[in-house]
Ligand code: MSP
């Protein structure tokens, strides 16, 4: 396999202390879009997601639920797998940190760090937040209105004093700064990279990487009194998914050098500071890219269980339909920025871009073909220059999409595609095939063919974001399933005159005041 042809994309693995919410669905959805795009573009893709099942937080939640940690993890982890089905995620694997293969990988990472002299035993005395599963320096904490110290995330902290193994993080600062300066850009968006750089430039302290005050975790090899800090355990899932410690394994060699981690901004420090340092220290390649996305608020307010405004992705999909939700989340907010969720915004975005711009166009073109061309793809005459340009521009979009997705700019890809949806709408309105019907039926046929061919190309490009609806549109255009990859975008796979088309059907719902009706 050539170097270029492999792509390894990972979502964070989710804590099982809570059921899935919109934030979880969002991160994995972005990975799914990137994975689907690369598969259609001919890459060998591995897309990994999973659940983070160890640690004090999960142990506590299990006890509160009256279950053993194992039973509790099985139950909640299953909800995350259900989410993958409900959201049509195309993950190739799902890692659970309680699996044997993961425990093996995690302990092997530890052994390598130890063998390289990167770990020492000492004592930790400092602040810890169970909710964040993170250690904090006192200087990072703030007092709340009751005078209690809080983590920057708002989570409670507790004083911890216990024996602990440490990772010599402090010696990796210079090397990390070099890593951030390398190309392709290691950390995106750029503003986040700058934050991470400043954090490293300010000087790194050694990192506590084991705990002794509870037992739900991976034992430290050779010292059962300690369990491995849950973040070291969690981060090593990315190695597990690539077949580590079997480094001769074809999977590891193929995928590891290409790994891209998509994470939320809250967990960037773990992925862009601790993780590359740990990998370098263990003699492994650091990630090719870490991309941090922003956070959703709900109607302007922070999403939290205590405010009771958590958005349930399962309900959202029931209410608006899967592809509307997928499109909205990927298009509404530039990937990397924070964004606000509101029902009004979903309705506006989906009615405008989907029901009107794309849905109506498809419906108009396909129903004119059904009525005026006996339901078969019409013959076409010589195309006018502007028609050739239109089709060539849509084919050429692929190159733009590749550039956008190289930087994980999924919104920019959709923006570029929808500019062409608008161009096809403009073309169709000006060409007025309904007038040509009476005056020049050959020209009408040509216009309908051009519009249908434009739709075929657009649908192929939109598949990563809305796989189901675009499959339906491509079915309506009678595009065979083995001709839906990006190498079929051009003329060579154009729709063939004479092909019989199924009866057209609306592909997107139109929402009115929360209720939906089929788009006309
Ligand atoms: N278990 C760790 C990750 C370990 S990865 C080696 C973890 N899990 S989590 O379940 O708390 O959350 C994971 C992801 O959900 C993060 O990427 C986080 O940014 C994302 N989100 C949680 N709430 C969110 C929003 N309100 N909006 C967008 N994403 C948010 O952290």
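The values are calculated or read from the model by the stated rules, or taken from the named source; none is laboratory data. Bear in mind that the values here come from a model prediction, so they are computed numbers and not experimental data. No Cβ is skipped: glycine too gets one built from the backbone with ideal geometry, and neighbour counts run over all protein chains shown.
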>> I'd like to check something: does the range 508-519 contain any residue that is in contact with a helix residue (DSSP H, G or I) (Cβ under 7 Å, 6 or more places away or on another chain), closer than 22 Å to residue 390 by Cβ and at pLDDT 95 or above?
In response: no
>> Only one of 55, 50 is modelled with pLDDT of 95 or more, crowded, with 21+ Cβ neighbours inside 10 Å and either closer than 18 Å to residue 79 by Cβ or within 14 Å of the ligand (Cβ to nearest atom) (or both). Can you tell me which?
In response: 50
>> Against the conditions (1) crowded, with 22+ Cβ neighbours inside 10 Å; (2) free of Cβ contacts under 8 Å to residues at least 60 places away in the same chain; (3) over 30 Å from residue 407 (Cβ atoms), where does residue 68 fall short? Just the number, please.
In response: (1)
>> If a residue must be in a loop (DSSP other than H, G, I, E, B) and either free of Cβ contacts under 8 Å to residues at least 60 places away in the same chain or within 13 Å of the ligand (Cβ to nearest atom) (or both), how many such residues does the range 223-258 contain?
In response: 8
>> Any residue that is assigned by TED's automatic domain parsing to the domain that holds residue 237, without any contact (Cβ under 8 Å) to a residue 12 or more places away in the chain and in contact with a helix residue (DSSP H, G or I) (Cβ under 8 Å, 6 or more places away or on another chain) - is there at least one of those in the range 50-57?
In response: no
>> As an exercise: evaluate residue 93 against (1) touching a strand residue (DSSP E or B) at 6+ places or on another chain (Cβ under 6 Å); (2) buried (at least 20 other Cβ atoms within 10 Å of the Cβ) and give the number of the one condition it does not meet.
In response: (2)
>> For the range 100-125, give me each residue that is in a strand (DSSP E or B) and buried (at least 16 other Cβ atoms within 10 Å of the Cβ).
In response: 119, 124
> Among helices (runs of 4 or more DSSP H) lying entirely in the range 259-344, which contain 2 or more residues that are under 23 Å from residue 194 (Cβ atoms)?
Replying inline: 275-281
> How about the range 1-47: which of its residues are surrounded by fewer than 22 Cβ atoms within 10 Å (Cβ to Cβ), in a strand (DSSP E or B) and within 11 Å of the ligand (Cβ to nearest atom)?
Replying inline: 15
>> If I ask for residues that are surrounded by 23 or more Cβ atoms within 10 Å (Cβ to Cβ) and more than 8 Å from the ligand (Cβ to nearest atom), which ones from the range 263-274 would you list?
In response: 272, 273
> Just to be sure, is residue 180 more than 16 Å from the ligand (Cβ to nearest atom) and surrounded by 14 or more Cβ atoms within 10 Å (Cβ to Cβ)?
Replying inline: yes
> Which condition number in (1) away from the ligand (no atom under 12 Å from the Cβ); (2) surrounded by 17 or more Cβ atoms within 10 Å (Cβ to Cβ); (3) within 18 Å of residue 29 (Cα to Cα) is the one that residue 277 fails?
Replying inline: (3)
